[in-house]
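Asks: The structure that follows is given in the form of structure tokens.
Every number here is computed from the coordinates shown, using simple stated rules; none is lab data. No experiment lies behind these values; they were computed from the predicted model shown. Cβ atoms come from the backbone with ideal geometry, glycine included; neighbour counts cover every protein chain shown.
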Amino acid sequence: MRDVFLIIFVLIGANAYLQYSVRNDNFWAMDLPAETKEIVHQNIVASKAIWEKKPRKARCIETSMETPFNKYYLGGYCRYPRGTGNMSILVIGNSYVVNLVENIRAPFNKNYSDFRYLSVFSSFGLYSGFSSQSKEALDFTKQQVEKYKPDVLFVVARYLETIKDPVRDNDPLVQQMDETIEFYEK
């Protein structure tokens with residue numbers, strides 16, 4: 001046990017000496033050519049601009065909604081302030097919506113009348129998978145699309161392994177996707 005304390009004490013002492021040396025001795029000073037110093041300075045200025053830049057994310061004016069399921073499964077809902085355009089946009093899907101919605105919204109430059117996103121866990125947007133939670137999420141998503149009737153609908157979802165299975169004749173998953181797309185087109 002005494003040896004462990006001795007090693008720790010030596011390491012603390014060595015650390016203190018190294019920190020003192022780095023701050024006070026010329027050995028550690030970097031003597032760079034003027035061209036390299038200029039590049040380093042430009043990089044420091046550029047990196048400060050990146051870190052100090054405020055995100056352009058707009059604030060939501062509406063963030064809660066009634067759900068037929070536990071609120072925990074609502075990954076996110078946001079209605080953005082009214083834009084200057086004349087089309088309504090809705091982004092639906094699972095948790096990937098939250099990650100990508102700003103990248104979808106930004107290019108529109110507020111050229112929309114209404115912009116919303118809806119993220120529901122276990123929602124794939126086009127099909128329900130095999131769980132009751134997923135079926136409930138798809139039904140809820142369809143209700144929201146029917147309620148808001150967006151001009152533009154984005155379906156953003158990371159799909160599970162079931163979607164990667166080979167397509168069969170009369171595949172129920174493909175039939176469900178076709179029905180859902182037909183519903184969204186109304």
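Asks: I want the local charge near Lys186. Using Cβ-Cβ distances under 15 Å, sum +1 for each Lys or Arg and -1 for each Asp or Glu among the other residues. Before the final figure, lay out the partial values.
Replies: Values: positive: Lys142, Lys147, Lys149; negative: Glu146, Asp151, Asp178, Glu179, Glu182, Glu185.
Charge balance near Lys186 sits at -3.
Asks: For a quick protection proxy, order the peptides 11-19, 86-94, 163-171 by their average other-Cβ count within 10 Å, most packed first.
Replies: Taking the mean over residues of other Cβ atoms within 10 Å, the ranking is 86-94, 11-19, 163-171.
Asks: Something else: Set the bar at 18 Å for Cα to Cα. Now go through Lys142/Lys186; Lys110/Lys147; Lys71/Lys164 and name every pair that lies beyond it. Can you show the working numbers first?
Replies: On the way: Lys142/Lys186 11 Å; Lys110/Lys147 22 Å; Lys71/Lys164 29 Å.
From the list (Lys142/Lys186; Lys110/Lys147; Lys71/Lys164), the Cα-Cα distance tops 18 Å for Lys110/Lys147; Lys71/Lys164.
Asks: Taking amide H positions as placed 1.01 Å from N in the peptide plane, with prolines and chain starts having none, which residues 5 or more places from Gly75, or on another chain, fall under 5 Å of its amide H?
Replies: Ser119, Val120, Phe121
Asks: Full extension from Arg158 to Phe9: what is 0.36 nm times the residue separation minus their Cα-Cα distance, to one decimal in nm? Intermediate results must be reported in sequence, preceding the final value.
Replies: Values: separation 149, 0.36 × 149 = 53.64 nm, distance 5.23 nm.
Full extension from Arg158 to Phe9 adds 48.4 nm.
Asks: Next question, about the same structure. Using only DSSP helix segments of four residues or longer, with each worth -39500 (n - 2.57), what per-residue ellipticity at 222 nm results for the chain after dividing by its residue count and rounding to 500?
Replies: On the way: 5 runs with 83 residues, N = 186.
So the helix-based figure for the chain works out to -15000 deg cm²/dmol.
Asks: Another question, if that's okay. Order of Lys186, Lys147 from fewest to most other C-beta atoms within 10 Å? It would help to have the intermediate numbers written out before the result.
Replies: Details: Lys186 7, Lys147 10.
The fewest-first ordering by Cβ neighbours comes to Lys186, Lys147.
Asks: Sort Tyr117, Tyr73 so the one with the fewest other Cβ atoms within 10 Å of its own Cβ comes first. Intermediate results must be reported in sequence, preceding the final value.
Replies: Numbers: Tyr117 25, Tyr73 16.
Least crowded to most crowded, the residues run Tyr73, Tyr117.
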